[in-house]
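The structure under discussion appears below in the form of C-alpha cells.
The values are calculated or read from the model by the stated rules, or taken from the named source; none is laboratory data. A quick note: this is a predicted structure, and the numbers were derived from the prediction, not measured. Don't worry about glycine lacking a Cβ; one is built from the backbone with ideal geometry, like all the others, and counts go over all protein chains shown.
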Amino acid sequence: MTSLVLFATLIAAQPEDGRQISPAAPQANPFRVQLLPGLMDQVADDVVKLGHQADEELTKAIPDRFGGPNPWKRQADSLLADPLDDIDPKRFDPVLKPAAKAIELWERAARADRADWSNLTKHLRKVGIAAGFPGTPDFETGIQLLAIQARMHLRAGNPVEAIRNLALSLSLIRRWNQAPNPFQNAQPAYLTDQVLDILQDCQAHPRCPSLYEALASLPRPFLTPRGALEGLRLMLVGTLPGSEQIRADPVGTRLDNDAMQRLDRAFYTLSAFSGRRFNLLTARLHLGLAIKNADADAREAMRSAGYTKEVVAATPALNAAILHSLMAGEDVLGQESAALALSYDPAQERMEAVDRAHPRGEAKPGEPGIPSVRFLIEQSMNLLAPFHALERRLDMLRTIEALRLHAHQTGKLPAKLEDIKVVALPLDSPSGKPFDYQLEGGMAFLDSPAVSRPNAGLFSLVYRLRLPKPPEKKP
Amino acid sequence: MSLSCRVGVLLLLFASLSAAETVSLAVSPAPPPRNLYRWQLLPGLLVQKPGDAIEAYRKVHAAIKEVEPDQAAFARLTEEMDKLRMARLEDVDRVRVKEIVEQFKKPLGLVEQAARCEQANWDFLVERLRKSGISTLLPEIQEMREIVPLLAMQARLHLLEDRPEEAVKVVATGLSLARHMDECPTLIGHLVAIALARISLDMLADCTSHPKCPSLYGPLTDLPRPFLSPRKGYEGERISCYGTVPGLAKIAANPAGTELDAETVATIIRLFRGLSDDERPLTQFRIVDRYTLGLAMQKSMKAAQEAMRTAGYDEETIKKTPAINAGLLYGVLQYEEGLGRMAAAAMLPYPQASAQLDEINKTFPFKRPRGAKPDEPPFPLARMLLPAGDKVLLADLRLQRRIDLLRVAEGLRQHAAQAGKWPEKLADVKVVPLPDDPATGKPFAYTRDGDTITLDAPAPKRGISSDHTLTVTLTLRKPEEKKPEEKKP
C-alpha cells in the first residue's frame with residue numbers, strides 16, 4: 001500500500017518548472033558506475049547471517065529503535081524524506097555515526113555471494129500460517145541506512161559515491177525479494193522506489209555520469225514474485241499438519257493430538273479468510289462437519305490425482321480432507337505462478353479469473369472442506385502490479401538517461417523520442433508500447449502509456465524534465 | 001581444462017550450438033495438468049534441501065568414476081549414449097538403455113539430490129580466477145558435462161516404460177544442473193550451461209510427444225526468463241583479466257604508488273609474448289626487450305594519460321604514474337570499456353542488443369583491422385582477451401527461442417484439446433497467450449498442412465544465416481479408435 005501512495009505522489013513531488021536533468025557523456029568505463037555490485041567486489045559470505053549481525057550491532061548502538069518515539073529513527077526518516085537541498089549536512093552524522101558498525105556489516109552483506117534462507121523455509125514448513133519470520137533480518141533498516149549514506153554523498157557533491165551506495169541498497173533489495181517470504185513481498189518494491197528517488201536526484205547533478213549502461217545491465221525483471229509464491233507453498237504445507245506425510249502415505253498417516261490442535265486453529269483462520277466466521281472453541285465441530293460434507297469431493301480429487309481405488313477407499317476422512325485442501329491450494333498456486341510469469345495484461349486477466357473462480361462465502365460443491373484457496377489468493381493478488389510498476393519506472397529512468405546522452409551530444413532535448421540515435425530506447429514493460437513524449441518550450445513530458453487492464457497498483461507516471469539553465473552572462 | 005584452452009572449446013561449443021535444426025514430433029492434444037507442481041521444470045523450494053550443489057556434483061563425478069574408472073571407456077560410452085539420445089524414441093534399444101541406467105543407478109540418485117541443493121557455490125573458482133587468470137583450470141565444468149547423457153538415458157527409459165511424469169522430473173534435474181552451471185563465473189560455464197539446457201529441452205520435447213503427457217505450457221511459462229544469463233560470465237571474464245596480468249589490480253587502485261619488481265615485469269613480457277598471437281603485438285614482442293617495450297609505451301603515453309583522465313584519475317596521479325603502469329592501465333581501461341558495453345548489451349532484448357554489438361564492433365579499436373596505431377595501448381588487452389560477445393548473444397537467443405517455441409507448441413496442444421484440431425493461424429489460439437519470437441518481437445512463422453503444422457524461427461539478422469534456423473514440425477496423432485466391445489456370452 002505504501003508503494004501505491006509513493007507512486008501517486010511521484011507526479012505531485014516534481015517541481016512545477018520540471019525536474020532538472022544534466023547532460024551526460026557516454027561512460028568510458030561501464031564497470032566504474034554499476035547499480036549492483038559486481039563479482040569483482042563480491043565476498044564469500046551469507047547475507048542473512050551478516051544481516052542478523054548488523055541488527056545486533058544496531059540494537060547495541062540504538063537500543064530502543066523499535067519502541068516508542070525515537071529521536072534517532074525520526075531523524076533517519078526525515079533524512080530520507082526531506083528535499084535534499086533543505087538538509088543541513090551536519091544532520092547526517094548523528095544518524096550515521098552510531099550505526100557505523102551496522103552499516104559496515106550491511107555493506108558486506110550487499111556484496112555477499114549467497115543467502116541462506118533455510119531457517120525461514122524450515123520454519124514455514126513446520127508452522128505454516130502461524131509463522132513469524134525468524135530467519136529475516138531487518139533489511140528495511142539496512143537498505144535505508146545505505147540510502148541515507150547515498151544522500152549524504154550527493155549532498156556533499158559526490159554523485160559517484162552516492163551511486164555506489166545505491167548499488168549496495170539495490171543488491172540488498174534483490175536479496176530480500178528472493179526470500180520465501182509471502183507477507184513482505186511488496187516491501188522490496190516500495191524500498192526500490194525510495195532508492196530510485198535518490199537515483200533521480202543523482203541524474204540532476206552536473207557531475208553524475210551516464211547511468212544508461214548501468215540501468216540497461218540490471219537483471220530484468222528486477223524483482224519477481226517467485227520467492228513469495230514459493231513461500232506460500234511452503235506455508236500451505238506447514239498450515240496443513242502432516243500434509244507431506246499424508247501425500248506420501250494417505251492411508252497409514254495418523255495425526256497426533258498436537259497436530260489436531262494446530263489443524264483446529266488453521267481451519268479457523270483459513271475459514272475467516274474465506275468469509276466464514278465462527279467461535280474458535282467450536283472449530284473442531286465445524287471442521288468435522290466440513291470434512292463430512294466434502295468427503296466425496298475429496299476422494300474424487302484423490303482419484304484424479306492418480307491414487308488407486310483401494311487407497312482412496314482406505315484413506316481416513318481427515319487425511320482425505322487435508323490432501324484435498326493441499327491439492328486445491330497447489331492447483332491455484334500453480335495457476336498463479338504461470339500467470340504471474342506472463343506480460344502484464346494477460347497476467348492481470350488470469351489473476352482476475354482465478355480470483356473470480358474462488359469467491360468468499362459458503363463452500364461450493366467440489367471445494368475442499370478445509371478452505372486453503374481463498375487465503376492463498378488474498379496473499380497473492382498484490383504480487384503483480386508493484387513489480388510491473390517498478391519495471392515501468394526503471395524503463396523510464398533509462399529513457400531519461402538516453403535523453404541525457406542526447407543532450408550531451410546535441411546540446412538540447414529531442415523534439416521526439418525517435419530523434420535519439422545515440423542508444424536504444426526501452427519500451428514500457430507493462431504495455432509493451434513506446435513511452436509518450438512531448439517537448440514544450442524546453443520542458444519535456446515523458447508519460448507512460450495506458451494498459452488494457454488497469455490496476456490501482458500500476459499508476460501512470462509522468463516526468464516533467466528540463467535541462468539546466470545556461471549561466472547568465474555578466475555584462 | 002584451462003581458460004587458455006577455451007578458444008578451442010568455445011569453437012566446439014559454438015559449432016554444437018549453431019547448427020540449423022528441425023524437430024519433428026507426433027503429438028496428442030492435451031489439456032493443462034491439474035497440478036502444475038507435479039510437472040514443474042525446476043525443483044521448487046518445497047523439494048530443495050540445504051547444501052552446495054557444486055560439491056554434490058563432484059560426488060556424482062566420483063560415483064561415475066567408481067562405476068567406470070577408465071576414462072577412454074567412459075568417452076566411448078558417452079558417444080554411444082549420444083547416439084541413443086538422438087535416435088528416434090521408437091528405434092532405441094530399450095534393453096541397452098536400461099542396462100546403462102542400472103549400471104549408473106548410484107550416480108543418477110546422487111545427481112537428483114545435487115540438483116535439489118539450495119546453493120551453487122562457485123567461490124573457489126572466483127579465487128582461482130583472481131590468482132591465475134586465463135590459466136585457471138576448470139575441471140568441474142567437464143565433470144558436470146558428463147552427467148547429462150546419463151540423465152538423457154534415464155528420461156528415455158521412463159518414456160519407453162510409459163512414465164512421462166518421471167521423465168519430466170529427470171528433465172527438471174537436467175535444467176537445474178544447467179542453472180547451477182550458469183552460476184559459474186566464466187562465459188565458458190555459461191555456454192556449457194546453454195548446451196546442458198538444450199539437451200534437457202530435447203528430452204522435454206520427447207516427453208511432450210508422449211500420449212499421456214499433459215500440456216506443459218504452464219511449467220514452461222513458469223521458468224525464469226531469461227532462463228540463463230551471461231551476466232556472471234562477463235563479470236568473471238573481468239576478474240580473469242586482472243588475474244592474468246600480475247600487479248594489475250594494485251596498479252588500478254594506486255597507479256602512481258605501485259612499483260613493479262623486475263620479476264613481475266619479466267612475467268608480464270613473457271605473458272604478452274605468449275598471448276599476442278595477432279600481427280602487431282607478436283612481431284613486436286617476439287624480439288621484446290625493455291627497449292621495444294619502452295618505445296611502445298612512449299608512443300602511447302599521451303593516449304594512456306588521456307584514458308586515465310577520462311577514467312577520473314586526478315592530474316597529480318596521472319603525472320606521477322610510471323610509464324609501464326600507465327601502459328597497463330590504458331590496456332585494461334580499454335578492455336573494461338569493451339567488456340562493460342558487451343555485458344550491458346547482452347541484457348537488452350535481442351534486436352537492440354544486436355544493434356549495440358554492431359556499434360561496439362564499429363567503435364572499438366580491438367575490432368579494427370590489425371595493424372599498429374600509435375595511440376593504441378602497448379598492452380592490447382582488449383584485442384587479446386575480449387570474448388566474442390556476438391556469439392554469446394546468438395547462443396542465448398537460440399536457447400530462448402527453443403524455450404519459446406516449445407511453449408508455443410504446448411499452447412497449440414492445449415488449443416487442439418479444446419478445439420479438436422490445429423488452428424488455421426496462430427492468432428486463433430485464445431486458450432493461452434503465445435510468446436513471440438525473441439529475435440524479432442513478432443509471432444513465429446506458422447503453417448498448417450492438414451494434421452501437420454510447422455513453426456519456424458528464421459535466421460536472425462546477425463549471425464551465420466541458415467545455421468541459426470529452428471523449425472518444429474508437429475503432427476497430430478489420430479485418436480485411437482475404440483475397439484467394439486466384445487459381447488459377453
* Could you please give the count of residues in region A:443-464 that are surrounded by fewer than 18 Cβ atoms within 10 Å (Cβ to Cβ) and over 19 Å from A:Gln200 (Cβ atoms)? => 6
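Output the residues belonging to region B:303-357 that are of a type in the set (Lys, Arg), more than 7 Å from chain A (Cβ to nearest Cβ) and in contact with a Pro (Cβ under 9 Å, 6 or more places away or on another chain).
Correct list: B:Lys320 only.
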* **Meets criteria (at the interface with chain B (Cβ under 10 Å from one of its Cβ atoms) and polar (S, T, N, Q)) for A:Thr224** => yes
* To do: Would you please name the residue that is nearest to B:Arg238 (Cα to Cα), looking only at residues in region B:157-202 that are more than 21 Å from the chain's Cα centre (by Cα) and among the aliphatic types (A, V, I, L, M)?
  => B:Val168
* To do: Consider only pairs whose beta carbons are under 7 Å apart and that are at least six residues apart or on different chains; among these, list those whose first residue lies in region A:35-49 and is in contact (Cβ under 8 Å) with a residue 60 or more places away in the chain and whose second residue is among the polar types (S, T, N, Q) and part of a strand (DSSP E or B).
  => none
* Asked: So which residues in region B:117-144 are outside any loop (DSSP other than H, G, I, E, B), among the small types (Gly, Ala, Ser) and surrounded by 18 or more Cβ atoms within 10 Å (Cβ to Cβ)?
  -> B:Gly133
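Quick grid of which residues meet (1) in contact with a Gly (Cβ under 9 Å, 6 or more places away or on another chain); (2) among the acidic types (Asp, Glu); (3) farther than 30 Å from A:Glu401 by Cα:
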position: A:Gln184; (1), (2), (3): no, no, yes
position: A:Asp193; (1), (2), (3): no, yes, no
position: A:Cys202; (1), (2), (3): no, no, no
position: A:Pro206; (1), (2), (3): no, no, no
position: A:Arg220; (1), (2), (3): no, no, no
position: A:Glu244; (1), (2), (3): no, yes, yes
position: A:Asp249; (1), (2), (3): no, yes, yes
position: A:Thr253; (1), (2), (3): yes, no, yes
position: A:Asn257; (1), (2), (3): no, no, yes
* Could you check B:Leu348 against (1) outside any loop (DSSP other than H, G, I, E, B); (2) modelled with pLDDT of 75 or more and say which number it fails? => (1)
* Structure fact -> Among residues of region A:339-349 being assigned to a helix (DSSP H, G or I) and not hydroxyl-bearing (Ser, Thr, Tyr), the residue farthest from A:Ala301 (Cα to Cα) is A:Asp345
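Taking the options A:Ala156, A:Ala186, A:Ala216, A:Ala150, name whichever one is farther than 20 Å from A:Trp106 by Cα, away from chain B (no Cβ under 14 Å), buried (at least 20 other Cβ atoms within 10 Å of the Cβ) and among the small types (Gly, Ala, Ser).
One residue alone meets the criteria, A:Ala186.
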* Can you name every residue in region B:204-221 that is more than 10 Å from every other protein chain (Cβ to nearest Cβ) and of a type outside the set (Lys, Arg)? -> B:Leu204, B:Ala205, B:Asp206, B:Cys207, B:Thr208, B:Ser209, B:His210, B:Pro211, B:Cys213, B:Pro214, B:Ser215, B:Leu216
* Asked: Mind checking whether some residue in region B:13-35 is assigned to a helix (DSSP H, G or I), crowded, with 19+ Cβ neighbours inside 10 Å, at pLDDT 90 or above and away from chain A (no Cβ under 14 Å)?
  -> no
* Which of the residues spanning region A:50-87 are free of Cβ contacts under 8 Å to residues at least 60 places away in the same chain, aliphatic (A, V, I, L, M), surrounded by 15 or more Cβ atoms within 10 Å (Cβ to Cβ) and in a helix (DSSP H, G or I)? -> A:Ala61
* Can you tell me which of A:Glu336, A:Glu362, A:Glu352 is farther than 20 Å from A:Ala259 by Cβ, part of a helix (DSSP H, G or I), of a type outside the set (A, V, I, L, M, F, W, C) and more than 13 Å from chain B (Cβ to nearest Cβ)? -> A:Glu352
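Evaluate the following for A:Lys90: is it loosely packed, with under 15 Cβ neighbours inside 10 Å, free of Cβ contacts under 8 Å to residues at least 60 places away in the same chain, of a type in the set (Lys, Arg) and assigned to a helix (DSSP H, G or I)?
Judged against the criteria, A:Lys90 is a match.
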* To do: Check A:Glu362, A:Glu349 and return the single one that is at pLDDT below 95, among the acidic types (Asp, Glu) and under 29 Å from A:Ser452 (Cβ atoms).
  => A:Glu349
* To do: For region B:222-235, indicate whether the set of residues that are within 14 Å of another protein chain (Cβ to nearest Cβ), in contact (Cβ under 8 Å) with a residue 24 or more places away in the chain and closer than 16 Å to B:Arg38 by Cα is non-empty.
  => yes
* Asked: From the list A:Asp197, A:Asp201, A:Asp193, which one is in contact with a Phe, Trp or Tyr (Cβ under 9 Å, 6 or more places away or on another chain) and more than 13 Å from chain B (Cβ to nearest Cβ)?
  -> A:Asp193
* To do: Would you point out which residue out of A:Glu418, A:Glu391 is within 22 Å of the chain's Cα centre (by Cα), among the charged types (D, E, K, R) and over 30 Å from A:Asp295 (Cα atoms)?
  => A:Glu391
* Structure fact -> Per the filter on region A:22-67, residues away from every other protein chain (no Cβ under 13 Å), within 26 Å of the chain's Cα centre (by Cα) and of a type in the set (A, V, I, L, M, F, W, C) are A:Leu50, A:Ala54, A:Leu58, A:Phe66
* **Leading residue by the ranking (nearest to B:Arg413 (Cα to Cα)) among those in region B:442-489 that are part of a loop (DSSP other than H, G, I, E, B) and modelled with pLDDT of 90 or more** => B:Asp451
